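Each reported figure results from applying straightforward, stated rules to the coordinates on display, with no laboratory input. Computed from a predicted structure; not experimentally measured. Cβ placement follows ideal geometry from the backbone for every residue including glycine, while neighbour counts extend to all protein chains displayed.
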Amino acid sequence: MSVFLLCEQAVGLVRGKRLILSDEEKANLETLNYGALTSAHAQDEAVVCALHFESVRDSLLEQFAWVFARKTETPAQLSENQTGWRYKFLIPQDCLKVLNVIAQDKRKDFYREKNHDLSEPPEVVELIEYEEIGEYVLTNRSPVYIRYTAKITDETKWATAFKDLFIIKLAEAIAPAVVGQTEALQLLESKANNLIQIAMANGLINSDTGLKKQRETMALSGINNLWLDYSGIPFIGDYKCG
C-alpha cells in the first residue's frame with residue numbers, strides 16, 4: 001500500500017473525504033515532501049498527513065515489539081572505551097529500539113560455573129547484561145549481536161496489522177487540524193486498542209526471544225582486579241569508585 005493510499009484512508013476515517021491531488025502533488029506526498037506540498041497550496045489534508053506521517057510511523061514501531069520489524073545485526077566495536085564496561089559498540093543506524101544484546105560463548109570459566117565438561121565447552125547463545133547510552137551499547141562481552149526494532153520505511157514490508165493500526169494513529173494525529181475538533185478521537189483510540197490486542201494474540205507483537213538472560217561471572221583476575229556492576233560503574237570490594 002502506498003503512502004498516498006495510507007493517508008487517504010486516514011483522512012477518510014476523520015472526514016469521509018478523498019484526497020484530490022495532481023500527479024506532482026501525489027509524488028510529493030509519496031516522498032513526504034511537506035515543504036513542496038505547502039508551497040503548492042495542496043489540499044490541507046495531504047499537507048497535514050505529510051507533516052505527521054514519519055513521527056506516527058516511528059512512534060508506533062518503537063512503542064511495540066513488532067516481529068516484522070525485528071532485526072539482529074553484528075554491531076561495530078569501537079576501540080575507544082572509557083565507560084567502565086569492557087566493550088563499546090555502535091548501534092545500527094536503522095535502530096529505533098534495542099530489544100536485546102546476544103552473545104555466543106565458549107568460555108571455560110563460564111561453563112565451570114555451570115559444571116559443564118570443560119574439554120570442549122558447547123557454544124551457547126544467551127541474552128546478556130548491557131547498558132544503552134545514546135548511540136552506543138556497552139557490555140562486558142564480545143563479540144555480540146544486537147536484536148532491535150528497525151525503522152521500516154518501506155510500507156510494502158509492513159505487517160497488515162501494523163498498516164491498519166498506523167492508519168488509525170495517523171487519523172488521530174491529523175484529526176484536530178483536519179476537522180477542527182476531537183470528538184472522533186475516543187472512537188479511534190478504542191479501535192486502535194482492539195487492533196493492538198488482536199496483534200498481540202496473533203504473535204505479531206511479541207518481545208519474547210526464547211532465550212534466558214544470564215549474568216556474567218568472571219574471576220577478579222579476568223578484569224584486572226576491577227569488578228563492574230551493571231550500571232557500568234566500577235567498584236572494588238564493597239566500595240564503588242567515584
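Positive contributions from Lys and Arg (+1) and negative ones from Asp and Glu (-1), summed over other residues with Cβ under 10 Å from the Cβ of LEU61, come out at +1.
Given a Förster distance of 30 Å, report the FRET efficiency between GLU132 and LEU187 from their Cβ-Cβ distance, rounded to the nearest 0.05.
0.20
Using R0 = 25 Å, the C-beta based FRET efficiency linking SER2 and HIS41 works out to 0.65. Using a cut-off of 21 Å between Cα atoms, the listed pairs LYS71/LYS213; LYS97/LYS191; LYS71/LYS151 include LYS97/LYS191 as exceeding that distance. Taken along the Cα-to-beta-carbon direction at a fixed 7 Å, the label points for LEU211 and GLN93 span 2.5 nm.
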